[in-house]
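Before any comments, here is the structure.
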Amino acid sequence: MSTIRRFAEIHGLDAPMEGSHSNTMDSLETREDLKSILPYLPLILRSSALLWPPAVVEALKSLARGPIHSNVDSGQVLAIAISDLRNSLSLPDSALHPSALNGYALYFDDELIAALLVCSFFCLFPTTNGGANHLQEVNFDNLFASLYDFHDVKQENKIKCIVHYFEEICSRMPMGNVSFERKVLPLTNRPSHISFPKANFWSKSSVPLCHLEVHSSGLIEDQPAEALEVDFANKCIGGGALRRGCVQEEIRFMINPELIVGMLFSPAMADNEAIEIIGTQRFSDYSGYASSFCFCGNYKDVKGVDSMGRRKTRIIAIDALSRVGKRQYTTECLLREINKAFCGFYDQSKRQHYENLFVDSGFSKAEFDEGIRNSLGNSMENLSTSFQSTFETSNNQPMRDNERKWNDHNVGIATGNWGCGAFGGDPEVKTIIQWLAASQALRPFVLYYTFGLETLRKLDKVVAWIISQQWTVGELWEMLVEYSRQKLKKQTKLSFFNWLLPSLYDDDDDPLMIDESFT
């Protein structure tokens with residue numbers, strides 16, 4: 001009998017061999033060749049059959065069903081599970097190399113992301129069937145190929161960021177954890193989740209607008225507070241990071257290369273989904289944007305860590321509608337965008353508060369404000385005062401991490417011109433949509449970075465006026481819907497801010513209008 005058939009006999013326990021099954025089984029216990037090899041196999045001979053020990057079978061089944069069933073959710077616990085398996089087989093740990101189990105813990109807890117990125121660098125991931133599961137390729141071959149085919153300077157600088165990451169981890173391996181969470185708003189009502197809001201949900205909302213601070217310069221990733229930083233994502237996170245793309249999302253993936261790992265296991269986002277990543281470290285400084293992107297050396301990331309050992313860098317990937325032209329003013333598109341932002345911004349841990357406050361519109365403003373205070377453990381006014389004090393530092397320098405006063409319940413939103421630029425979104429409409437979503441999600445503040453966009457040059461004045469009106473989320477949403485209705489019917493050519501507050505633009509030579517070249 002060949003070696004292959006011997007292996008099949010040993011491991012295919014339920015499969016009969018060629019010839020008489022009964023004869024094979026009857027002779028199994030007397031086989032001298034089997035007796036000679038049995039001490040070296042993790043199997044037992046019982047009732048003329050070779051079997052895994054029952055304890056091992058149960059342990060392997062539990063591991064195969066994932067960490068929810070096995071509780072093996074870290075490298076350290078995996079090392080313990082391996083030790084238990086060996087004990088079930090009467091294999092002493094002393095027979096292993098003294099550092100073996102520590103190596104399992106180190107690899108899966110402290111070096112897994114680095115190891116996966118090394119595999120990407122050497123193009124070791126298979127590329128078949130990934131598309132069928134809506135997964136992206138994570139090998140770096142296209143990144144390097146575009147450098148040769150197009151001799152693109154920005155591609156060279158993207159690669160410099162990646163190489164710099166490897167240089168840094170070789171001298172000092174990052175410690176801690178990184179988490180990736182797919183956030184979903186169920187399309188149907190479920191008892192334990194907030195469902196995908198309908199249009200009347202937004203119209204009836206009595207939630208007060210949160211604080212919004214406008215920054216005409218600066219970058220989202222440099223924001224000084226503990227805020228959820230918006231990734232202007234593609235449906236498949238990372239977008240063209242490993243190809244020729246080099247705008248907001250792709251740049252973020254280059255300066256925080258640990259984000260790339262998420263491309264390995266994150267299918268495309270549906271309209272009711274967002275992806276939150278907590279814990280990545282920034283390694284590179286840079287200048288420029290798109291074709292002018294340039295690696296500028298090492299970046300020292302001084303962010304602290306949370307109770308789970310994750311660096312306090314919170315990134316939320318939300319994908320905007322792309323190239324929808326004037327259709328972006330339809331209620332359908334407005335609703336899609338505000339729900340996408342809300343999905344990314346809301347905190348599931350506050351579900352009970354949402355249920356208490358948003359089930360119906362029967363609250364008076366005083367009652368609702370009281371509910372907000374009870375929910376957040378503070379008043380909106382105190383939150384705004386606390387927010388302002390965060391930035392009261394000498395020479396406008398950001399406060400050091402140990403001086404920040406935010407906790408996990410008071411994390412705001414840092415964002416900018418999401419879905420604008422190449423995606424063709426209306427910057428004024430997208431600003432309001434994100435503000436509404438953040439307010440409805442009970443976020444205490446929004447830091448809005450305009451990147452010097454001319455259309456938003458008076459955003460701070462518009463925000464101040466809206467706040468002075470004491471509008472709720474529902475009231476501002478209704479204004480946005482009415483403006484969009486007029487845009488679609490060609491009853492106005494003005495921009496939303498000019499339409500909403502014409503007196504603010506009376507002194508302008510050319511009132512701001514929307515580009516009518518949308519297709």
Would you pick out the residues in segment 60-82 that are assigned to a helix (DSSP H, G or I) and either in contact with a Phe, Trp or Tyr (Cβ under 9 Å, 6 or more places away or on another chain) or under 21 Å from G103 (Cα atoms) (or both)?
L60, L63, P67, S70, G75, Q76, V77, L78, A79, I80, A81, I82
Please report, ordered by residue number, the strands (runs of 3 or more DSSP E) entirely within segment 221-311 with at least 2 residues that are open to solvent by 20 Å² or more (accessible area, probe 1.4 Å) and in contact (Cβ under 8 Å) with a residue 24 or more places away in the chain.
273-278, 284-287, 294-298
Count - residues of segment 282-306 that are in contact with a Ser or Thr (Cβ under 6 Å, 6 or more places away or on another chain) and at positive phi:
0
Suppose we keep only residues that are in a helix (DSSP H, G or I) and of a type in the set (F, W, Y) within segment 128-165. Which one would you say is modelled with the lowest pLDDT?
F150
Over segment 312-345, the set of residues closer than 30 Å to Q281 by Cβ, open to solvent by less than 10 Å² (accessible area, probe 1.4 Å) and outside any loop (DSSP other than H, G, I, E, B) is I315, I316, A317, I318, D319, K340, A341, F342, C343, G344, F345
Residue selected from segment 88-109 under the condition under 30 Å from R310 (Cβ atoms) and open to solvent by 50 Å² or more (accessible area, probe 1.4 Å), by the criterion modelled with the highest pLDDT
S99
Cβ pairs under 6 Å, 6+ apart or interchain, first in segment 71-94 and free of Cβ contacts under 8 Å to residues at least 24 places away in the same chain, second of a type outside the set (A, V, I, L, M, F, W, C) and open to solvent by 40 Å² or more (accessible area, probe 1.4 Å), ordered by first then second residue, are D73/P67; S83/D93
Identity of the residue in segment 148-172, among the hydrophobic types (A, V, I, L, M, F, W, C) and open to solvent by less than 50 Å² (accessible area, probe 1.4 Å), that ends up nearest to F295 (Cα to Cα)
C161
Scan segment 416-446 residue by residue and report those that are within 18 Å of the chain's Cα centre (by Cα) and at positive phi.
G419
Take the residues in segment 421-470 that are within 21 Å of Q328 (Cα to Cα) and of a type in the set (D, E, K, R); name whichever of them is surrounded by the fewest Cβ atoms within 10 Å (Cβ to Cβ).
E454
List pairs: first residue in segment 37-57 and small (G, A, S), second residue outside any loop (DSSP other than H, G, I, E, B) and open to solvent by 40 Å² or more (accessible area, probe 1.4 Å) anywhere in the structure, Cβ distance under 6 angstrom, at least six positions apart or on different chains.
S48/M25; A55/S88
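The values are calculated or read from the model by the stated rules, or taken from the named source; none is laboratory data. As the structure is a prediction and not an experimental result, all values here were calculated from the model. Positions of Cβ are generated from backbone atoms using ideal geometry, with glycine treated the same way; all protein chains shown enter the neighbour counts. These area figures cover heavy atoms from the full protein model, side chains too; ligands, DNA and RNA do not enter into them. Shrake-Rupley method; radii C 1.70, N 1.55, O 1.52, S 1.80 Å.
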